[in-house]
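K.L.:
Below is the structure I would like to discuss, written out as structure tokens.
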């Protein structure tokens, strides 16, 4: 019969051998994964071209909000309506002014053939001695004056048309529309607010439908390991460890800039690197401004 202490010692040694075997089994996979990582960096998810701050180009009171937070909008869609009463009156006055100018021109043009006929008749009469030269000269002067008035009226009509276009433009400026397809992220006004028109604050913030990118800050010691088109793994700092996104390097900075994403003194200055996020079907969408860890592969 075996001694109990010898039996326990044999079991303990066997356990150590099994553990060592398991450690060797996992070590190559870990070392291989580490070898694939060329460099690491901190980054922030951003939008290509950035967000759009929508401002009012003219002063006015907000009469209607046509959208809500989180709404998707199409280019040209009405977002906000300012008061239009004064602008509509301006358009009406410009239209009336144009109509008067056009009516005046029509009268002058209708009289011109009669003045031309009278000029010719008096000129022929003066040549045959049946009329005076003074009458012929007066008829010519009346015809020339009518022509000058027509030219002036035509110029006035062009000016009136320009004023009407300007008035209609001012009216259109009171309609704030989506410049591109996008998503309403923020609304900073409400019905009844007075907008000064100076553009001191945005009325809304629009996220255009553009690709997301990652702007990473890379330590200068690693910059030579990177190249355009290189694959990378993006790990959001505030997401489960199992969540990863794929990306490709689009641009590598050529000068050191001030770092903002890391408290490491070595990252006080770093190179910027822009990466394009690849499609991620079945995964939650990344958020603009999200801090991520970038593993260059």
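K.L.:
Condition check: farther than 19 Å from residue 261 by Cα, touching a strand residue (DSSP E or B) at 6+ places or on another chain (Cβ under 9 Å), assigned by TED's automatic domain parsing to the domain that holds residue 248 and at pLDDT below 95. Does residue 225 satisfy that?
P.N.:
Yes.
K.L.:
Would you check if residue 236 is farther than 12 Å from residue 295 by Cβ and either outside the structural domain of residue 284 (by TED's automatic domain parsing) or surrounded by 16 or more Cβ atoms within 10 Å (Cβ to Cβ) (or both)?
P.N.:
Spelling it out, residue 236 is indeed farther than 12 Å from residue 295 by Cβ and either outside the structural domain of residue 284 (by TED's automatic domain parsing) or surrounded by 16 or more Cβ atoms within 10 Å (Cβ to Cβ) (or both).
Table: residues versus (1) over 27 Å from residue 159 (Cα atoms); (2) in contact (Cβ under 8 Å) with a residue 60 or more places away in the chain; (3) not assigned by TED's automatic domain parsing to the domain that holds residue 203.
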site: 94; (1), (2), (3): no, yes, yes
site: 105; (1), (2), (3): no, no, yes
site: 111; (1), (2), (3): no, no, yes
site: 121; (1), (2), (3): yes, no, yes
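K.L.:
Among the listed residues 95, 124, 90, identify the single one that is more than 29 Å from the chain's Cα centre (by Cα) and closer than 28 Å to residue 203 by Cβ.
P.N.:
Every option except 90 fails the conditions.
K.L.:
Additional query: Determine whether residue 75 is exposed (fewer than 13 other Cβ atoms within 10 Å of the Cβ), out of contact with any helix residue (DSSP H, G or I) (no Cβ under 7 Å at 6 or more places or on another chain), at pLDDT 95 or above and in the same structural domain as residue 201 (by TED's automatic domain parsing).
P.N.:
Spelling it out, residue 75 is indeed exposed (fewer than 13 other Cβ atoms within 10 Å of the Cβ), out of contact with any helix residue (DSSP H, G or I) (no Cβ under 7 Å at 6 or more places or on another chain), at pLDDT 95 or above and in the same structural domain as residue 201 (by TED's automatic domain parsing).
K.L.:
Still on this structure, I have one more. Within region 262-297, can you find the residues that are touching a strand residue (DSSP E or B) at 6+ places or on another chain (Cβ under 6 Å), surrounded by fewer than 18 Cβ atoms within 10 Å (Cβ to Cβ) and within 16 Å of residue 39 (Cα to Cα)?
P.N.:
Selection gives 262, 293, 297.
K.L.:
Of the residues 41, 32, 56, only one is surrounded by 13 or more Cβ atoms within 10 Å (Cβ to Cβ), within 30 Å of residue 231 (Cα to Cα) and modelled with pLDDT under 95; which?
P.N.:
After applying the criteria, what remains is 41.
K.L.:
I want to confirm something. Restricting to region 230-259 and keeping residues that are in a loop (DSSP other than H, G, I, E, B) and touching a helix residue (DSSP H, G or I) at 6+ places or on another chain (Cβ under 9 Å), which single residue is modelled with the lowest pLDDT?
P.N.:
Taking the candidates together, the pick is 259.
K.L.:
So which of 161, 225, 168 ends up being closer than 30 Å to residue 293 by Cα and surrounded by fewer than 18 Cβ atoms within 10 Å (Cβ to Cβ)?
P.N.:
Selected residue: 225, the only one of 161, 225, 168 that is closer than 30 Å to residue 293 by Cα and surrounded by fewer than 18 Cβ atoms within 10 Å (Cβ to Cβ).
K.L.:
Out of the residues in region 121-138 meeting the condition of being part of a loop (DSSP other than H, G, I, E, B) and in contact with a helix residue (DSSP H, G or I) (Cβ under 7 Å, 6 or more places away or on another chain), tell me which one is surrounded by the most Cβ atoms within 10 Å (Cβ to Cβ).
P.N.:
131
K.L.:
How about region 271-294: which of its residues are touching a residue at least 60 places away in the same chain (Cβ under 8 Å) and not in a loop (DSSP other than H, G, I, E, B)?
P.N.:
Within region 271-294, 273, 274, 275, 276, 277, 291, 292, 293, 294 qualify.
K.L.:
Please verify whether residue 198 is more than 29 Å from the chain's Cα centre (by Cα) and modelled with pLDDT under 90, treating the condition exactly as stated.
P.N.:
Here the answer is no, as residue 198 does not meet what is asked.
K.L.:
Could I ask something else about it? Does residue 147 satisfy the criteria of being surrounded by 13 or more Cβ atoms within 10 Å (Cβ to Cβ), farther than 28 Å from residue 189 by Cβ, in contact with a helix residue (DSSP H, G or I) (Cβ under 9 Å, 6 or more places away or on another chain) and without any contact (Cβ under 8 Å) to a residue 40 or more places away in the chain?
P.N.:
yes
The values are calculated or read from the model by the stated rules, or taken from the named source; none is laboratory data. Bear in mind the structure is a predicted one, so any value in this text is a computation, not a measurement. Note: ideal-geometry Cβ built from the backbone for every residue, glycine included; neighbour counts use all protein chains shown.
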